[in-house]
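Comments concern the structure below.
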Amino acid sequence: MALIQCHFFSEVLGLSTSMTVILPQQTTTQIGLDNVQHAGPHPTLYLLHGLSDDDTIWLRRTSIERYAASLGIAIVMPQVHRGFYTDMAAGSRYWTFISEELPELAQQFFPLSRKREDNFVAGLSMGGYGAFKLGLRKPDMFAAAASLSGALDLSLQRTQAQSHVMPQDEWERLFGKGEIAGTDNDLIHLLKQLDASSGPKPLLYQCCGTEDFLYEENRSFRQACEGTSLELTYEEEPGAHEWGYWDMKIQRVLEWLPLQK
């Protein structure tokens, strides 16, 4: 695998930012890794970070490079700060960046496949929200989306005033003072919209530990999926909001991805 720290200018954000990228590399003499590289542009997993992290965190807290080596898949990990993968009410346009500019730039810079069936997205916590938001709003771009301990029901979160997620003033900078329900920032609303459409629908994977403070939100999203036309793989087991759990479950996500043989 090749590891690239890529610093670039974002026209959408109006500033220099970064992404960390792992690219497949076929090797025959490297000790300890079974590296695979398929012919042609690489299938790609966009792997999203949580609220307090950055584009390096998956490398620092898990063995994602080692897990991906035998799959021949590229991993693109962008920097989104505390932007919650949304066009902020008072701030930067992180949704436009992550859904439009970033994939285009990544595909310009690196040999990544543009085919829908080769593109996937996953993330943890805030990144789980971002992953499902991309899957549900951009189903023509992504064949599968995975959430690990995701913040999946922002309407419920706001009602309960969960201060352990973010303070009220930060919430209002992100989403404004209005209701989340029924907007493009509401994953359950997006789920219902996509269910009613005739277009492509991504495969969904969702997991959460039963001791996680976001467990209730995850149960809420799972219940909303029941009876829809979307295919959801749901897993729960004992676990909290911590990296030991996510290191375990990202291996499951890579196993679950519908990679073309």
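Key figures for this structure:
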read-out	value
Among the residues listed as Glu237, Glu226, the single one being under 26 Å from Ile57 (Cβ atoms) and of a type outside the set (Phe, Trp, Tyr)	Glu237
Meets criteria (over 10 Å from Asp153 (Cα atoms), in a helix (DSSP H, G or I) and at pLDDT 95 or above) for Asp212	no
Per-region count, segment 77-97, residues closer than 19 Å to Pro202 by Cα and either in contact (Cβ under 8 Å) with a residue 40 or more places away in the chain or in a loop (DSSP other than H, G, I, E, B) (or both)	1
In segment 225-261, residue farthest from Leu47 (Cα to Cα) [restricted to those that are aliphatic (A, V, I, L, M) and in contact (Cβ under 8 Å) with a residue 60 or more places away in the chain]	Leu259
Top-ranked residue of segment 218-242 - restricted to ones that are touching a helix residue (DSSP H, G or I) at 6+ places or on another chain (Cβ under 8 Å) and assigned to a helix (DSSP H, G or I), ranked as surrounded by the most Cβ atoms within 10 Å (Cβ to Cβ)	Phe221
Residue match in segment 114-124 (condition: in contact with a Leu (Cβ under 7 Å, 6 or more places away or on another chain) and over 20 Å from Ile22 (Cα atoms))	no
Residues that are assigned to a loop (DSSP other than H, G, I, E, B), modelled with pLDDT of 95 or more and not polar (S, T, N, Q), drawn from segment 29-71	Pro41, Pro43, His49, Gly50, Leu51, Asp53, Asp54, Asp55
Subset of segment 152-186 [out of contact with any Asp or Glu (no Cβ under 7 Å at 6 or more places or on another chain), surrounded by 18 or more Cβ atoms within 10 Å (Cβ to Cβ) and at pLDDT 90 or above]	Trp171, Leu174, Phe175, Asn185, Asp186
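The values are calculated or read from the model by the stated rules, or taken from the named source; none is laboratory data. Model, not experiment: these values are computed from the prediction. All Cβ positions, even for glycine, are placed from backbone atoms using ideal geometry, and neighbour counts span all protein chains on display.
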